[in-house]
Amino acid sequence: MEKQEPPPEIASALAWLAKKSIPLADLEDPAALRNALDGMAVNLDGKPAAAKSVMRRLSVFRSCLDYAVELKVFPANPLSGVRWEAPKTAEQVDPRQVPNPRQARALLAAVPAVAPRVGRHLYAFFACLYFAGLRPSEAVALRLDDCELPATGWGRLLLAGSSPASGKQWTDDGQYHQSRSLKARADGVKRPVPACPELVVILRAHVDEFGAAEDGRLFRSQRGNRLAPVSYESVGGGLANAS
């Protein structure tokens, strides 16, 4: 295969990585490993990283070293000989940053006013985020067949997957969205989520007014495509400014 030179911007990034990286062999030194581990515990701004972020970075680092063991770079994972604990960080949520039920309902009621063209359609979308605690990517992938919406009382949402907007250059099929299984769950596993009576009423009204897309999705763009983040993030920004 003919060797090709990378584009200038890629070559620049690779040169930066080469300059900032150390040889793998240096990671057999516990001091070098501790420096790497300590670096995982802070963000780029120098502030302590959240505990979940540290554990995620540590998991990736450990997997890379395991791969190096597989390639015979190390006889064993160097991390096994280092005793290190991530610094304790407080993850308490500031109540002043979380809307109370009255404020949340006021924000939802303002959605159609903030975005006259798409607000009525996105009203139920934001209601799913608040009342059912869905991630935006989960609400984007929600289908009518996955909703149990009785005439009265509690309903249920059976989440079958998520649809994060990764960008065409990052998806497997060249589409803007990448269909994925639920976070921390195997393919095909559904997560049942209770739908309070208020959310059931909102979703039933949404279905009566807008129906569903051809593939069953409840929420879609004006052209019938999957919702892009800009569609609901701009509305969320408008709500923040209005409040």
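The values are calculated or read from the model by the stated rules, or taken from the named source; none is laboratory data. These numbers come from a predicted model, not from an experiment. As a convention, Cβ positions derive from the backbone with ideal geometry for all residues, glycine included, and neighbour counts pool all protein chains shown. When the accessible area is computed, the model is the full protein with side chains, heavy atoms only, and any ligands, DNA or RNA have been set aside. Shrake-Rupley method; radii C 1.70, N 1.55, O 1.52, S 1.80 Å.
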Estimated FRET transfer efficiency when R0 is 41 angstrom, pair residue 16-residue 154 (beta carbons, to 0.05): 0.15
Per-pair calculated FRET efficiency, R0 = 41 Å: residue 106 and residue 213 via Cβ, rounded to 0.05: 0.90
At 1.567 mPa s and 4 °C, Stokes diffusion of region 1-128 via Kirkwood alpha-carbon radius, µm² per second: 66 µm²/s
Distant-in-sequence amide H partners of residue 134 (H built 1.01 Å from N, under 5 Å): 129
Cleavage-rule hits (GluC sites (Glu not before Pro)) in region 1-95: DSSP loop, at most 16 neighbouring Cβ within 10 angstrom: 2, 85, 91
Placed amide H near residue 42: partners under 5 Å, 5+ positions off or other chain: 49
Residue 3/residue 76 FRET efficiency (R0 35 Å; Cβ-Cβ; nearest 0.05): 0.50
Nitroxide proxy distance, nm - points 7 Å out along Cα→Cβ at residue 221 and residue 233: 1.4 nm
In order through region 198-215: 3J(HN,Hα) via Karplus (6.51 cos²θ - 1.76 cosθ + 1.60), integer Hz, x for Gly, Pro: 5, 5, 4, 4, 5, 5, 5, 5, 5, 5, 4, 8, 10, x, 9, 5, 4, 8
Mean accessible surface per residue for region 9-155, computed with a 1.4 Å probe while every protein chain stays in place, in Å²: 68 Å²
